[in-house]
Amino acid sequence: MHAALGPPEALPADAVEVGRVLGAWGVKGGLKVMPFAADAQALFSTKRWYLAPADPPRPGGLPHPVLLRIALAREQGDGIVATVQDLDDRDVAESLKGARIWVSRASFPTPDEGEFYWVDLIGMSVLDRESKPLGEVVGLLETGPHCVLRVRPADPAAEETLIPFVDAYVDAVEQAERRIRVDWQADY
């Protein structure tokens, strides 16, 4: 059933998961997609999406990663709808429900000055104003008014630190050095 999608395709080394297939859209094999970001520009910035099996895999679902060539993608309601070259079978589109969508990080639009993609912040070292290491960014939380860095200290017995990602606490994001300098202390 998935032969129409093409042969297995390896994910690019810089692949970032950006959404999931919710199911078929329309009668001609379109896809309804749930993006992971409120601003889904990563999905609109490329015509090459990589589909990987659902996690956990679904019986009858996608057996291996494949490359999709997107003909058209647009916002619709809270999600995105897309048509795929060479996919015109609603049943095949429906069988992709739950599949994970990945795109190459290199295809993301360039962020504006002072803006960052979460994926670029994860793994960065966090240092206080005295250059003492506080840990490593392991994730971010969206709280509404602003994001919060989740920082895991090097000491496995220590608790994770949450630092608001706002100018009042973040002095600098040094992307080339893969570090973030903050006005924060380990005992806050």
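Overview of results
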item: Candidates I80, I122, I101 - the one that is open to solvent by 70 Å² or more (accessible area, probe 1.4 Å), modelled with pLDDT of 90 or more and in contact with a Leu (Cβ under 8 Å, 6 or more places away or on another chain); result: I122
item: Conditions (1) over 15 Å from L96 (Cβ atoms); (2) aliphatic (A, V, I, L, M); (3) touching a Gly at 6+ places or on another chain (Cβ under 7 Å); number of the one not met by L67; result: (1)
item: Filtered residue count, the range 34-66, keeping only those that are closer than 14 Å to G23 by Cα and hydrophobic (A, V, I, L, M, F, W, C); result: 4
item: Any chance L72 is open to solvent by less than 10 Å² (accessible area, probe 1.4 Å), over 15 Å from the mean Cα position of the chain (by Cα), modelled with pLDDT of 90 or more and not basic (K, R); result: no
item: Given (1) at pLDDT 95 or above; (2) exposed (fewer than 14 other Cβ atoms within 10 Å of the Cβ); (3) under 30 Å from L11 (Cβ atoms), index of the condition P109 fails; result: (1)
item: Leading residue by the ranking (farthest from A37 (Cα to Cα)) among those in the range 145-184 that are open to solvent by 60 Å² or more (accessible area, probe 1.4 Å) and among the small types (G, A, S); result: A157
item: Odd one out for K28, checked against (1) more than 15 Å from the chain's Cα centre (by Cα); (2) crowded, with 17+ Cβ neighbours inside 10 Å; (3) modelled with pLDDT of 90 or more; result: (2)
item: Residue pairs meeting the criteria (Cβ under 9 Å; at least 6 apart or on separate chains; first over 11 Å from K32 (Cα atoms), in the range 61-78; second in a strand (DSSP E or B) and hydroxyl-bearing (S, T, Y)); result: P65/Y50; V66/Y50; L67/Y50; L68/Y50; I70/T83; A71/T83; L72/T83
item: Test: residue in the range 2-10 that is open to solvent by 60 Å² or more (accessible area, probe 1.4 Å) and either modelled with pLDDT of 95 or more or at positive phi (or both); result: no
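To keep it simple, each residue is scored yes or no on (1) out of contact with any strand residue (DSSP E or B) (no Cβ under 8 Å at 6 or more places or on another chain); (2) assigned to a helix (DSSP H, G or I); (3) of a type in the set (G, A, S).
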position: R20; (1), (2), (3): no, no, no
position: D39; (1), (2), (3): yes, no, no
position: L51; (1), (2), (3): no, no, no
position: P56; (1), (2), (3): yes, no, no
position: P63; (1), (2), (3): yes, no, no
position: L72; (1), (2), (3): no, no, no
position: I80; (1), (2), (3): no, no, no
position: A93; (1), (2), (3): no, yes, yes
position: I101; (1), (2), (3): no, no, no
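The values are calculated or read from the model by the stated rules, or taken from the named source; none is laboratory data. The shown structure was predicted, so the numbers you read here are calculated from the model rather than taken from an experiment. FYI the Cβ positions are ideal-geometry reconstructions off the backbone, even for glycines, and counts take in every protein chain you see. Remember, those area values only see protein heavy atoms, side chains included, never the ligands or the DNA or RNA. Shrake-Rupley method; radii C 1.70, N 1.55, O 1.52, S 1.80 Å.
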